[in-house]
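The values are calculated or read from the model by the stated rules, or taken from the named source; none is laboratory data. None of the values given here were measured: they were computed from a predicted structure. No Cβ is skipped: glycine too gets one built from the backbone with ideal geometry, and neighbour counts run over all protein chains shown.
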Amino acid sequence: MSSCTDYYATRRRFLTQFAGSAALLGMPINRLVAAIGSAHAPKAKSVILFWNGGGMSHIDTWDPKPGREVGGEFAAIKTSADGIQISEIFPQVARQMHHCTIIRSIAGTNGDHGRATYELQTSHQQNPALVHPGMGSFVVNESQKNGDLPAYISIGGMAPRAGYLGQRCEAYYIGLPGERDPYLAFPDGIHREQGDRRLQVLAKMNLRASNKIAARDLKETDVALKDAVALMKSPALASFDLDKENPKTLERYGLTEFGRGTLLAKKLIETGVRFVQVNRGGFDNHMDVFPAMRNHGSVMDPAVASLIEDLHQSGHLEKTLVIMLSEFGRTPTINKDAGRDHHARVFSCLLAGGGVKGGQVIGSSDKDGMAPATRPVQVADLHASVCHALGIDHTRELTTPLGRPMKLVREGAKPVQELFA
Amino acid sequence: MLDSGRIACVLVSSVCLAGADVDFRQQIQPIFESTCIRCHGSDSAKGGLRLDTKEGFLKGGKHGLLINTKDYEKSELLRRIKLPRDHGDIMPQETEPLSGPHKNWLTDWVRTGAKWPDGVVLKQKRKEVPGLAQKDFIPTQAPRSLAEAAAITDQILKQENDALKDVMLQTVPVIDDLAFLRRATVDLIGRIPTMDELKQFEADRSGDKRAKLIDRLIVHPRFSERWTVFFADLLRVRSGQDGGPQLLAYVNRSVAENKPYDEMVRELIATNGRPENSPAAGFALGDAANPMALAGATAQIFLGVRMQCAECHDHPFDDWKQKEFYDLAAYFGTIKRVEAGKNVKRIYTTEGKETAVKWPPEREQPVKRDAVAPKFPFELVNYTTKPNHIARLEDRRRPNASAVSAEAAKKTLQDLVDGLDVKQTLRDSKQDAALLSEAKAAAHQSLDGRSIYAQSAERKKLAALITDPRNPYFARALMNRMWAELVGRGFIEPLDNISAYNTIRHPQTLQFLAQEFVASGYDIRSAIKTVMLTQAYQRGHLSAGATVKELAQAEENFTATRPRRMLGEVLFDSVVIAGHLLTHKWPEGANIREVKRQIRIPLANAALLAAAEDMSTNQPNMMMAMTKPGQAPAPYDLEKGASLDFEALLKPEKAGKDEDKFGDVLSESKRDLEMNKKKEDDAIEAARQARIRLLRSGNAERFRLETVTAITDDNPKFESTLRMATPAPPSHFLRVFGQPARDNLGEFRDEAPSLRQELMMLNGKATHEASRVGPFEPVHHLITGPNANAARAVELVYLEIFTRRPTVEEMAEARAVISAGATPAEGLADLRWAMLNSHEFRYLP
């Protein structure tokens, strides 16, 4: 069974479940064969998504334009990957570039925050009648649960909705990383022994009810209760805790919410969580974009670089796809307020791990970062690529509660094959 | 590389897929029956072709065979259906081209050999309103009371059940009085009964005490709050949307005032304006005043008909054509959402001049698209003799003469009102004085007292058609939902899917309830009371040991009820009422304790932080929010209820009538211009510079953690969650317990149990505080002090939490739990905690 709901399982899926593989279900034969004939086996087991809300400038980060008027105030620096340059605000990430791939030719279609965010997070265009699940939701819908912790955790902000996949594919939120979640332990004043006694009384009462009336929901409630108690007592809970971290480690990731969130993401992934989204805002820099990006760099650079390095050290990078997305880029033209405005025609993203080949750039923008120059990548291709990395069939058809067939990833999307080693 | 497991999977899958791909009966037959048989059937075999029999299909027509068995892809059938719209050979010819899914299905079917099962003969399909064919169980005499209506409902239900074949139904008797008290109180006022209510009910010895209880509760102030939830779910009210808070308050007031349901719906469909003054306009704003979205929503919400699929292509599982969807959408064709003002945004709906609904659909090739005229795609039921329920409705509503003329006068006034595209004018005039004065002059020309909020005559017509008593969907759609809300299952499921392709399990019972609803003047309280007086509502659950099939059959046929879980709002409020948490239950200072918390101390220069914060609000500035230290959400925020002031939301704004005028919006825009100038102020520039320095310092977001100890008097009280902004934030208790996000049509409350629900109940603040025994609650003196009496304490707690007395076995167990506690009060807290977390508390008896 998948880690979230099988509620809306399609008939096809139901039929083929006997075959024992969730990943290849519902595929027409030709595509099924194509998937198997594909050059690389899926390596990723989990995903860390950095979501940069507001529209991050591509020129000031992954696609610098040194020597051009649009280049802005940041220099381009060399990286550990031959011939690849990135903005000077990411000096530590530059030293990890041999693990990373940059896509510089994402061809967006929406210049409006809401619609663009929706498309980047779900691969679909916004539609007033239906909410499509975000990346984390559809990933956990398609994969097995692993361990006691929730399969999908969002740190420091809102993750997209699970839409038609329902409550069980929604993210588990952590507002402030390291802050104690009061719901994971008995309330203050109730010690373990008293709590266990209470649970015994409860079990007796519930058994009595279950012996009296027939109801499917009671059994499911019993299961949820059992899982909850297991989580409360699980050693895996320690991964939520940052207090016991080496102060040097905390310092390395940065004494910021983002640094702590990134460190937490690493710990959660290593404990078996399937999908962690780390949220950050403040990229809508219509004004004073350079100081803003300087600050973003100083906060994000140590965290992201430490994450990649540590995952590599612990052997988890191969199994963990790290991807950094924003809803669009920003205009090459610098406006009168020293800011940059929305720019969807071309922008960039950073990926690492999970079978992604390191040290390469895919696609390019033109000389001023205005439009894709080579190898345009459609937004939904990113989602297809995430699926591909995880061994999920991105062409799979689900059924919404309305009975409407709906592709997991938008029709026509293709994984970016060059990403994978 | 391939592993053997995968190969095995491919083989197995291929077997499954080959058989599962296209189902003739489910997918192909409906296409032929709805599209082809009219011309190629027994009545007229055009082109010598008959498609109603296998023989005719295989024989083909005068143009030859339909299927090319040598190369299926080249079959004539596929060629014809895939031709462009205006090609002379396209099929079908006398109706719209086939939709995408239908073309795909036919293609797949032909490719896999075009297998027509032997002996299947097709008939031309005529669209019909489902569930009206039989009416012999429905009495022609009007019931004299709601109690009689309830009895008739049970009687029709029984007759319909008796007619079922191959079904063995187990019938469960009605529940006892106290269980009824609990069930009815929860359903009517959204929380479990208090001891006072329990005593009052037990003291009543009369035969109709259940009806009297309903009468008491139906006028309780919490009734409107509880049923606002029902309508807010139905209408997808979202406080975060433009006009959402006002719409919520409007629904609440409508329920409180007992506004007839049809009147409410007419207002929702037809109102334009600014939600602050015309709250019903929030309905159209909820779908961003998009004609397509509004058509889908109107059909599904008010008529229980899922037409949405037909927005993009003919409905693949129903008879609705894409053109019919456009006909419906055309009623909303000229609606406009206008956003005016820059610093203070004003959002409203009005009507424009040109319709946005044009045919053929945009994605098709022809360049010329014509405006679609509104046309109601639903059939009204015609009659020769006026049905009794419609006659009763008309009697009830026969207005006196003066009211008629007042209404007519109002109507003329509304018809006068005209549309203006204010947004465009404003956009043109923004920050440009010359254009502004021009726009102002233009405004003067059309000012003459007219409102900028044009109303739509077409939408009024639509509202009248939707709520017409002859409309066979409207009353049934609501009664089906209301029945399901109260009894646990609907006659039609999913609840908003009235369709010829979906079973209506007890069509006559539903039709009778719908007729009574119409006759009552669409009175919500009467409808609820009727349902609650039925045996079907009052039955108990099947006993453990019943098989899944027995359970399904009994619940679907209403011979037993489904154990329903309380709504999230109701569960929370019930914990609060059971635990006496609406008021403080401890004296001040009784719970002083030290609380350790981590706070964040910014590393940036404090003066710089302060200087940078004083910024113009014009720039979205998420970073500043992030740099605010110590703004950690308090623990247990997710269990807070917060009361909205519905009355204040419905108070029209002070400015009065003038502000509805066009000129006023312009003056606001002028104020914007002045504000823009102010942006150049030195103070703002200084803040900007401080912000730049802060951002460049590298310290803008850095902090160190410090543990502080606070002294707190832990003696909380809680508010009801029924008046909260809705939906609650994600992860809030209500959302975790199934409150829908309400942005999806066809989204219902998720009753599935989850791990998070358990965590929030087991470890939540409300459960914990409700369990603790405070001195200001009645049970206190029964568990401590000289008059302590454990048996009476247990009995009281059982009545307060479970609305019943304990059994002998339970009493013994409870007393053992009390003795096992460090003190009897702590033992009692353990008992209450277990009770509040139990199945019995959460699921209705």
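What are the residues in the range A:124-165 that are among the polar types (S, T, N, Q) and within 15 Å of A:PHE275 (Cβ to Cβ), if any?
Scanning the range A:124-165 gives A:SER137, A:ASN141, A:SER143, A:GLN144, A:ASN146, A:SER154.
Could you figure out which of (1) part of a strand (DSSP E or B); (2) under 17 Å from A:VAL304 (Cβ atoms); (3) among the small types (Gly, Ala, Ser) isn't true of A:SER80?
With respect to (1) part of a strand (DSSP E or B); (2) under 17 Å from A:VAL304 (Cβ atoms); (3) among the small types (Gly, Ala, Ser), A:SER80 is out only on (1).
Tell me, please, whether a residue that is at positive phi and either modelled with pLDDT of 90 or more or among the hydrophobic types (A, V, I, L, M, F, W, C) (or both) can be found in the range B:726-735.
no
Being of a type in the set (A, V, I, L, M, F, W, C) and closer than 30 Å to B:ARG505 by Cβ is the filter here, so list the residues in the range B:553-612 that pass it.
Hits for the range B:553-612 are B:ALA554, B:PHE558, B:ALA560, B:MET566, B:LEU567, B:VAL570, B:LEU571.
Residues that are of a type in the set (Phe, Trp, Tyr): list the helices (runs of 4 or more DSSP H) wholly contained in the range B:192-244 that include at least 1 such residues. Before the answer, list the steps.
Details: elements: B:195-203, B:209-218, B:221-235.
The helices (runs of 4 or more DSSP H) meeting that bar are B:195-203, B:221-235.
Is it the case, given these coordinates, that B:HIS541 is closer than 30 Å to B:MET835 by Cβ, within 14 Å of chain A (Cβ to nearest Cβ), more than 23 Å from the chain's Cα centre (by Cα) and in a loop (DSSP other than H, G, I, E, B)?
yes
Determine which member of the set A:LYS219, A:LYS212 is touching a Ser or Thr at 6+ places or on another chain (Cβ under 9 Å), facing another protein chain (nearest Cβ under 7 Å) and within 24 Å of B:ALA752 (Cα to Cα).
Only one candidate passes the filter, namely A:LYS212.
Restricting to the range B:544-597, and then to whatever is in contact with a Ser or Thr (Cβ under 6 Å, 6 or more places away or on another chain) and surrounded by fewer than 16 Cβ atoms within 10 Å (Cβ to Cβ), can you tell me which residue is nearest to the other protein chains (Cβ to nearest Cβ)?
If we take residues in the range B:544-597 being in contact with a Ser or Thr (Cβ under 6 Å, 6 or more places away or on another chain) and surrounded by fewer than 16 Cβ atoms within 10 Å (Cβ to Cβ), then B:VAL595 is nearest to the other protein chains (Cβ to nearest Cβ).
Kindly indicate which of A:GLY391, A:GLY412, A:GLY353, A:GLY358 is in the same structural domain as A:TYR118 (by TED's automatic domain parsing), touching an Asp or Glu at 6+ places or on another chain (Cβ under 8 Å) and of a type outside the set (Lys, Arg). Let's see the steps before the verdict.
On the way: A:GLY391 fails: touching an Asp or Glu at 6+ places or on another chain (Cβ under 8 Å); A:GLY412 fails: touching an Asp or Glu at 6+ places or on another chain (Cβ under 8 Å); A:GLY358 fails: touching an Asp or Glu at 6+ places or on another chain (Cβ under 8 Å).
Among A:GLY391, A:GLY412, A:GLY353, A:GLY358, only A:GLY353 is in the same structural domain as A:TYR118 (by TED's automatic domain parsing), touching an Asp or Glu at 6+ places or on another chain (Cβ under 8 Å) and of a type outside the set (Lys, Arg).
Taking B:LEU248 and the conditions (1) farther than 30 Å from B:GLN515 by Cβ; (2) outside any helix (DSSP H, G or I), which numbered condition does it fall short on, given that it satisfies the others?
(2)
Any idea how many residues of the range B:22-55 are surrounded by 16 or more Cβ atoms within 10 Å (Cβ to Cβ) and either in a loop (DSSP other than H, G, I, E, B) or touching a Phe, Trp or Tyr at 6+ places or on another chain (Cβ under 6 Å) (or both)?
13
Out of the residues in the range B:70-129 meeting the condition of being within 14 Å of chain A (Cβ to nearest Cβ) and in a loop (DSSP other than H, G, I, E, B), tell me which one is farthest from the chain's Cα centre (by Cα).
B:THR112
For the range B:477-517, give me the residue count where each residue is surrounded by fewer than 23 Cβ atoms within 10 Å (Cβ to Cβ) and of a type in the set (Val, Ile, Thr).
3
Return yes or no: is B:VAL570 within 15 Å of B:THR767 (Cα to Cα) and either modelled with pLDDT of 95 or more or not assigned by TED's automatic domain parsing to the domain that holds B:GLY698 (or both)?
yes
In this structure, is A:ALA384 in contact with a strand residue (DSSP E or B) (Cβ under 8 Å, 6 or more places away or on another chain), over 23 Å from A:PRO66 (Cα atoms) and either among the small types (Gly, Ala, Ser) or not assigned by TED's automatic domain parsing to the domain that holds A:GLY72 (or both)?
Considered against the rule, which asks whether it is in contact with a strand residue (DSSP E or B) (Cβ under 8 Å, 6 or more places away or on another chain), over 23 Å from A:PRO66 (Cα atoms) and either among the small types (Gly, Ala, Ser) or not assigned by TED's automatic domain parsing to the domain that holds A:GLY72 (or both), A:ALA384 comes out as no.
Which of (1) more than 16 Å from the chain's Cα centre (by Cα); (2) within 13 Å of chain B (Cβ to nearest Cβ) is the odd one out, the single condition A:TYR172 does not satisfy?
For A:TYR172, the failing item is (1).
Could you please let me know if A:ALA228 is at the interface with chain B (Cβ under 7 Å from one of its Cβ atoms) and surrounded by 15 or more Cβ atoms within 10 Å (Cβ to Cβ)?
yes
Within the range B:164-176, can one find any residue that is more than 20 Å from B:LEU542 (Cβ to Cβ) and either modelled with pLDDT of 95 or more or in contact with a strand residue (DSSP E or B) (Cβ under 8 Å, 6 or more places away or on another chain) (or both)?
No, because not a single residue in the range B:164-176 is more than 20 Å from B:LEU542 (Cβ to Cβ) and either modelled with pLDDT of 95 or more or in contact with a strand residue (DSSP E or B) (Cβ under 8 Å, 6 or more places away or on another chain) (or both).
Say we look at the range B:522-538 and pick out the residues that are farther than 20 Å from B:ARG182 by Cα and outside any helix (DSSP H, G or I); which of these is nearest to the other protein chains (Cβ to nearest Cβ)?
Ranking the qualifying residues of the range B:522-538, first place goes to B:TYR522.
If only one of B:LYS59, B:LYS70 is surrounded by 12 or more Cβ atoms within 10 Å (Cβ to Cβ) and at pLDDT 85 or above, which one is it? Walk me through how you get there before you give the answer.
Values: B:LYS70 fails: surrounded by 12 or more Cβ atoms within 10 Å (Cβ to Cβ).
Only one candidate passes the filter, namely B:LYS59.
Select, from B:ARG772, B:ARG756, B:ARG723, the only residue that is farther than 17 Å from A:GLY163 by Cα, charged (D, E, K, R) and more than 9 Å from chain A (Cβ to nearest Cβ).
Working: B:ARG772 fails: more than 9 Å from chain A (Cβ to nearest Cβ); B:ARG756 fails: more than 9 Å from chain A (Cβ to nearest Cβ).
Unique residue meeting the criteria: B:ARG723.
Going residue by residue through the range B:180-198, is there one that turns out to be farther than 20 Å from B:THR530 by Cβ, basic (Lys, Arg) and not assigned by TED's automatic domain parsing to the domain that holds B:ASN290?
Yes, that holds for at least one residue.
Output the residue which, of all residues in the range B:267-309 that are more than 14 Å from chain A (Cβ to nearest Cβ), not aliphatic (A, V, I, L, M) and not in a loop (DSSP other than H, G, I, E, B), is nearest to B:GLY131 (Cα to Cα).
This residue is B:PHE302.
Please state which of the following conditions A:GLN144 fails to meet, knowing it meets all the rest: (1) part of a helix (DSSP H, G or I); (2) surrounded by fewer than 19 Cβ atoms within 10 Å (Cβ to Cβ); (3) more than 9 Å from chain B (Cβ to nearest Cβ).
(1)
Look at A:ILE190 and say whether it is modelled with pLDDT of 90 or more, under 26 Å from B:SER771 (Cβ atoms), touching a strand residue (DSSP E or B) at 6+ places or on another chain (Cβ under 7 Å) and within 10 Å of another protein chain (Cβ to nearest Cβ).
Answer is no for this residue.
Considering each residue of the range B:229-254, count those that are of a type in the set (A, V, I, L, M, F, W, C) and surrounded by fewer than 24 Cβ atoms within 10 Å (Cβ to Cβ), and give that number.
Residues flagged as of a type in the set (A, V, I, L, M, F, W, C) and surrounded by fewer than 24 Cβ atoms within 10 Å (Cβ to Cβ) within the range B:229-254 amount to 5.
Can you tell me which residue among A:LEU49, A:LEU25 is within 17 Å of A:VAL140 (Cα to Cα), within 14 Å of chain B (Cβ to nearest Cβ) and either buried (at least 19 other Cβ atoms within 10 Å of the Cβ) or modelled with pLDDT of 95 or more (or both)?
Answer to the selection: A:LEU25.
I'd like the full set of residues that are more than 30 Å from A:SER46 (Cα to Cα), of a type in the set (Lys, Arg) and out of contact with any Asp or Glu (no Cβ under 7 Å at 6 or more places or on another chain), limited to the range A:150-203.
The answer is A:ARG192, and nothing else.
Find the residue count for the range B:381-395, including only residues that are modelled with pLDDT under 95 and within 14 Å of B:PHE517 (Cβ to Cβ).
2
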